[in-house]
Amino acid sequence: MIQTESYKLSMGPVHPSTHGVLQVWLTLDGERILRADPCMGYLHRGIEKLLEKRTYFQCLPYTDRLDYVSAMNNNLGYCSAVEKLAQIEVPKRAQYIRVIMAELNRIASHMIFIGSLAVDLGATTGMIYPFRDRERILDIFNELCGARMTYSYIRIGGVKSDLAVKVISMIDDFLAKLTDMIDEYNDLLTGNEIFQYRLKNTSILTAKQAMELGITGPMLRASGVSYDLRKDNTYCSYEDFDFSIPLGEKGDNWDRYIVRLKEMSESAKIIKQALAGLPTGEFMAKVPKVLKPPKGEVYDVTEGPRGEVGYHIVSDGSAKPYRVHIRRPSFINLQALDIMCRGYLVGDVVAAMSTIDPIMGEVDC
Amino acid sequence: MQGKGLLVGLAVTLKHFFGKKETVQYPEEKIPMTEAFRGGKLLLDEKKCISCKLCAMACPNTALDLTVEIDENKKRHMKNYIHKAGRCLYCNFCVEACPVDALSWDKNYENSCYYRENLTYDAVENNRKDEKNG
Ligand code: SF4
Ligand code: SF4
């Protein structure tokens with residue numbers, strides 16, 4: 001009888017496929033995983049605490065630095081929470097512009113997902129294409145607000161600037177090419193047999209498990225639960241648009257990939273409708289120079305590319321928030337890593353991590 | 001057929017191999033920055049500036065350190081306009097806060113340096129240097 005023993009392996013924090021600085025402690029029995037413990041905190045900057053020392057306006061650039069891949073969605077979450085707290089009515093035009101930008105950012109974020117999934121599975125070419133296409137979206141944002149990553153474009157009460165004609169034509173141009181781009185990903189990756197072998201029937205997360213863990217976003221929808229805040233808790237005029245919510249069946253890596261791929265086309269649909277029906281009027285509400293929301297607290301949620309982005313803000317009536325807590329979807333989704341890895345092989349950890357799509361800036365906050 | 005997907009993928013690569021190049025040969029070739037681009041150093045138009053310090057007040061990360069001097073005619077002058085670029089979030093709030101549009105970005109993105117201290121500069125001093133050099 002051979003005596004065997006489980007052993008521990010540390011993966012990360014400096015590992016090319018941990019999406020930043022994530023460390024995972026793997027307990028292994030040979031190649032099989034018994035346990036996977038994510039260990040985080042390497043990128044902790046204390047943003048929640050920093051916000052307490054800043055005025056409501058000054059807090060905004062810090063939200064860019066949470067989920068830096070989809071800063072627009074974070075800006076949106078923060079601004080709508082403050083607006084709810086201070087009872088500011090956002091003009092319709094601003095709401096539409098916000099929707100356009102949030103959805104464009106969702107597409108960009110999903111492109112990063114596809115690219116990093118490909119490179120994590122060893123397909124370097126598969127990475128280059130989505131990253132190249134994402135650059136087109138970043139060009140639009142650069143033209144719009146002067147930054148490629150940290151936009152601070154969505155402001156309390158509206159948006160920073162109106163949509164210029166050039167920006168609109170850039171968006172049109174991009175949308176016209178998007179179908180070709182997605183076809184290319186399908187040719188390169190979706191149809192690739194190795195890609196399919198690696199993703200199908202691995203790291204299954206059932207609907208029950210996902211709901212128990214509080215998973216949200218595409219990950220939850222891949223497990224077959226239809227829950228999207230854009231439909232279930234509409235905000236920012238999402239009720240005006242006609243779009244569907246792609247769902248998965250099994251909750252394996254493949255479903256998580258396909259759901260995100262399909263979401264990109266749905267986002268494009270929303271943008272097209274928003275551009276076609278863009279109302280005229282103001283792009284910024286009248287907001288006092290010194291914003292002092294009334295005493296009280298608010299919790300407001302929006303649907304980011306990774307799930308439910310929630311801001312809990314407590315106001316003591318002064319110009320600075322008393323406390324801000326941020327519900328970061330990546331942080332909560334990452335907790336599923338253990339369940340998703342148990343019983344699978346070391347090589348599958350990388351795929352599981354990739355399909356969770358965590359952004360460490362958001363995990364550590 | 002097994003392996004068909006691989007061939008289809010290979011065809012995409014081949015198509016692009018002979019297609020137009022996406023990359024530019026930096027640093028020989030540079031992509032122009034957009035009108036709204038925020039980055040590089042802050043340029044202070046001293047003729048316009050009224051030394052009100054609103055820009056420093058809007059800054060979320062205290063990246064601006066201004067010293068205002070009052071001369072014999074009770075006129076306010078900006079003596080030092082220190083921008084600690086290492087603390088800067090490039091949020092543009094200072095530029096937007098200025099009531100007289102005295103601030104702008106020089107849009108030079110090649111601003112990395114070896115030492116942290118070199119990130120801090122004085123916009124007023126930079127103006128003097130520019131005057132000297134014509
Ligand atoms: S860009 Fe923002 S962080 Fe930088 S100096 Fe201006 S206000 Fe401060
Ligand atoms: S806000 Fe404008 S005018 Fe006032 S001190 Fe700053 S640069 Fe000068």
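The values are calculated or read from the model by the stated rules, or taken from the named source; none is laboratory data. Please read all numbers here as calculations on a predicted model, not as lab measurements. Here the Cβ is made from the backbone with ideal geometry for all residues, glycine too, and neighbour counts use every protein chain on show. Just the protein is used for accessible areas: all its heavy atoms, side chains included, with ligands, DNA and RNA removed. Shrake-Rupley method; radii C 1.70, N 1.55, O 1.52, S 1.80 Å.
The rows are residues; the columns are (1) more than 10 Å from chain A (Cβ to nearest Cβ); (2) over 13 Å from the mean Cα position of the chain (by Cα).
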position: B:55; (1), (2): yes, yes
position: B:61; (1), (2): no, yes
position: B:68; (1), (2): yes, yes
position: B:75; (1), (2): yes, yes
position: B:85; (1), (2): yes, no
Of the criteria (1) surrounded by 18 or more Cβ atoms within 10 Å (Cβ to Cβ); (2) on the phi > 0 side of the Ramachandran plot, which one residue A:201 fails: (1)
Residue match in the range A:119-130 (condition: part of a helix (DSSP H, G or I), at pLDDT 90 or above and small (Gly, Ala, Ser)): no
Residue A:205 being within 17 Å of residue A:267 (Cβ to Cβ) and modelled with pLDDT of 90 or more: no
Matching strands (runs of 3 or more DSSP E) fully within the range A:1-110 where at least 3 residues are modelled with pLDDT of 90 or more: A:23-29, A:32-39
Members of the range A:297-329 that are part of a loop (DSSP other than H, G, I, E, B) and surrounded by fewer than 24 Cβ atoms within 10 Å (Cβ to Cβ): A:316, A:317, A:318, A:319, A:320
Residue B:103 vs. criteria over 26 Å from residue B:33 (Cα atoms) and either among the aromatic types (Phe, Trp, Tyr) or at pLDDT 90 or above (or both): no
Strands (runs of 3 or more DSSP E) completely within the range B:26-87 that count 1 or more residues being more than 28 Å from residue B:115 (Cα to Cα), without any contact (Cβ under 8 Å) to a residue 60 or more places away in the chain and within 14 Å of ligand 2 (Cβ to nearest atom): B:64-70, B:76-84
From the options B:130, B:101, B:106, residue that is open to solvent by 80 Å² or more (accessible area, probe 1.4 Å) and touching a residue at least 40 places away in the same chain (Cβ under 8 Å): B:101
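Let's see how each residue does on (1) within 15 Å of the chain's Cα centre (by Cα); (2) more than 27 Å from residue A:231 (Cβ to Cβ); (3) open to solvent by 10 Å² or more (accessible area, probe 1.4 Å):
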residue	(1), (2), (3)
A:104	yes, no, no
A:107	yes, no, no
A:114	yes, no, no
A:126	no, yes, no
A:148	no, yes, yes
